[in-house]
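Colleague: Structure in structure tokens, see below.
The values are calculated or read from the model by the stated rules, or taken from the named source; none is laboratory data. What you are looking at is a predicted structure, and each value in this text was computed from that prediction instead of being measured. When we count neighbours, we look across all protein chains shown, and the Cβ atoms used for this are built from the backbone with ideal geometry, even at glycine. To get the accessible areas, we keep the full protein, side chains included, count just its heavy atoms, and leave off ligands, DNA and RNA. Shrake-Rupley method; radii C 1.70, N 1.55, O 1.52, S 1.80 Å.
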Amino acid sequence: MGRTYPIKCVGFIFCALMACAENTTEPSVQLSPAEGSMAGYFKVTLHVSQPTETLGVSLQEVSEVFLGDVQGIEVNIQSPTVLQFVSQGHPTPGQVDLTLRTQTGAEISVGKHFHFTAARVSELTSIGAIGASLTQGIQRGVPTDHSVRNGPAALLARQLGVYFPLPLLIPNAFREMTVEDMGPAPYCNPPELDTFQQEQAVGLIESMTTDTGRFDYVLGRLTPSVSTRNFAVGGTRVRELIDGPPSADLALNFLAHLVYEPTGTITDPVSLSQIEKLETLSPNLVVCFDCLGNDLIEGMINADPFDLSERTSDEDLATAIEDLVSRLAALDAHVLLANLPKPNVLPFFQTKRLLLLFSFILAKPGCGT
């Protein structure tokens, strides 16, 4: 016959077991997903069951998140136990620490909770990009958050699974060019690019000026501590890829500072050219989708009618291309240097050519009636 226990005794044993179980339950820390591409730019969610006990602070006190040495962006506290951010990738594969930084600057190492997967092609592990607006991630005007993240170089890096941090600007840095900015039909020309860039830069200056009146390019970048590997700057020509923007071109220097050199005062020219930045990086894959465009299409898309006075001469362009190719060849890297799409196949180009022909015929004596 089995032994019996008084009810009070059984109740005491049950309560003791429950208390022991509670004391051995450790606060959990989980990342979802816990693995991702070195290319980054995907959302990661941090779940902490008991933040104060586990971290020593509440999640509401966290202002910055790092996976390895690379800072995440778009930190969003979704609840007292859930934080979400966007990873900007990592230069090497493997397990990395998750680190949190509070509003007071205190750093909390949570441990190795995330794994970055290796690149899909073993010989292509580092990408550098040079060029103009298309490579930077815009087709015309100024960079926006969406356009920079979805430019051809950025998309290629994500397809390859290679680390490729982008020069993301502070939210709403520039106003995007819209259809309301276009000129009248039949040309529907956009505003002059230099003028539009200058107007947008003036609007951004206030956001990049401290309370003491000091201008700082760092204030225009979302995470200036993360060095970009896309050095392309809208409006750049081939010679400027090698020599850097002309010191007198304030708009091009302003944009170049924001892209790859967020230092100096507002009137300082950048100290390095795109090719020099590329040589410092020494990648094993180089891409450029638009290096010839700005040398050749000026006058075809900006003026009405055609005005080729701003076009780079054939001789100067050929010399610049030779110099650029020589510098790229010395990198001992795989290089993609895209040709210029033919602008004369665009409908507006054909319209402009017909109107130019009609104006030429009407200008001849006896053809005005």
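Colleague: Given the conditions (1) in contact with an Asp or Glu (Cβ under 9 Å, 6 or more places away or on another chain); (2) open to solvent by less than 70 Å² (accessible area, probe 1.4 Å), which single one is not true for ILE205?
Modeller: (1)
Colleague: While we're on this one: Given (1) modelled with pLDDT of 80 or more; (2) within 22 Å of THR236 (Cβ to Cβ); (3) not aliphatic (A, V, I, L, M), where does THR195 come up short, assuming only one miss?
Modeller: (1)
Colleague: Considering only segment 324-347, how many residues are out of contact with any strand residue (DSSP E or B) (no Cβ under 7 Å at 6 or more places or on another chain), modelled with pLDDT under 95 and open to solvent by 50 Å² or more (accessible area, probe 1.4 Å)? Before the answer, list the steps.
Modeller: Going through segment 324-347, the residues out of contact with any strand residue (DSSP E or B) (no Cβ under 7 Å at 6 or more places or on another chain) turn out to be 324-327, 329-330, 332, 339-347.
Applying the additional criterion that residues be modelled with pLDDT under 95 yields 332, 339-347.
Remaining after also requiring open to solvent by 50 Å² or more (accessible area, probe 1.4 Å): 332, 339-342, 344-347.
So the count comes out to 9.
Colleague: Return the only residue of PRO190, PRO184, PRO152, PRO171 being surrounded by fewer than 21 Cβ atoms within 10 Å (Cβ to Cβ) and closer than 24 Å to ALA248 by Cβ. Quick ask: steps written out before the conclusion?
Modeller: Working: PRO184 fails: closer than 24 Å to ALA248 by Cβ; PRO152 fails: closer than 24 Å to ALA248 by Cβ; PRO171 fails: closer than 24 Å to ALA248 by Cβ.
It is PRO190.
Colleague: Could you tell me whether segment 217-236 includes any residue that is under 19 Å from LEU258 (Cα atoms), touching a residue at least 40 places away in the same chain (Cβ under 8 Å), among the charged types (D, E, K, R) and not in a helix (DSSP H, G or I)?
Modeller: Residues of segment 217-236 that are under 19 Å from LEU258 (Cα atoms), as a first pass: 217-236.
Add one more test, that the residue is touching a residue at least 40 places away in the same chain (Cβ under 8 Å), and what stays is 217-223, 225-236.
Retained after the next criterion (residues that are among the charged types (D, E, K, R)): 221, 229.
Now restrict to residues that are not in a helix (DSSP H, G or I): 221, 229.
Within segment 217-236 (the criterion being under 19 Å from LEU258 (Cα atoms), touching a residue at least 40 places away in the same chain (Cβ under 8 Å), among the charged types (D, E, K, R) and not in a helix (DSSP H, G or I)), the answer is yes, since at least one residue qualifies.
Colleague: Could you check ASN230 against (1) closer than 20 Å to PRO167 by Cα; (2) out of contact with any strand residue (DSSP E or B) (no Cβ under 6 Å at 6 or more places or on another chain) and say which number it fails?
Modeller: The failed condition is (2).
Colleague: Can you tell me how many residues within segment 246-261 are open to solvent by 20 Å² or more (accessible area, probe 1.4 Å) and in contact with a helix residue (DSSP H, G or I) (Cβ under 9 Å, 6 or more places away or on another chain)?
Modeller: Just the residues of segment 246-261 that are open to solvent by 20 Å² or more (accessible area, probe 1.4 Å), to begin with: 246-250, 261.
Then keep just the ones that are in contact with a helix residue (DSSP H, G or I) (Cβ under 9 Å, 6 or more places away or on another chain); that gives 246-247, 249-250, 261.
Selection size over segment 246-261: 5.
Colleague: Residues in segment 114-127: is at least one under 21 Å from THR223 (Cα atoms), free of Cβ contacts under 8 Å to residues at least 24 places away in the same chain and not hydrophobic (A, V, I, L, M, F, W, C)? First the steps, then the outcome.
Modeller: Taking segment 114-127 first, the residues under 21 Å from THR223 (Cα atoms) are 114, 116, 126-127.
Then keep just the ones that are free of Cβ contacts under 8 Å to residues at least 24 places away in the same chain; that gives none.
There is no residue in segment 114-127 that is under 21 Å from THR223 (Cα atoms), free of Cβ contacts under 8 Å to residues at least 24 places away in the same chain and not hydrophobic (A, V, I, L, M, F, W, C).
Colleague: Spot the failing condition for ASP295; the list is (1) part of a helix (DSSP H, G or I); (2) modelled with pLDDT under 95; (3) open to solvent by 50 Å² or more (accessible area, probe 1.4 Å); (4) closer than 30 Å to THR280 by Cα, and only one is missed.
Modeller: Exception for ASP295: condition (3).
Colleague: Given the conditions (1) at pLDDT 95 or above; (2) more than 17 Å from the chain's Cα centre (by Cα); (3) not acidic (Asp, Glu), report the number of the one that THR52 does not fulfil.
Modeller: Result: THR52 fails condition (1) only.
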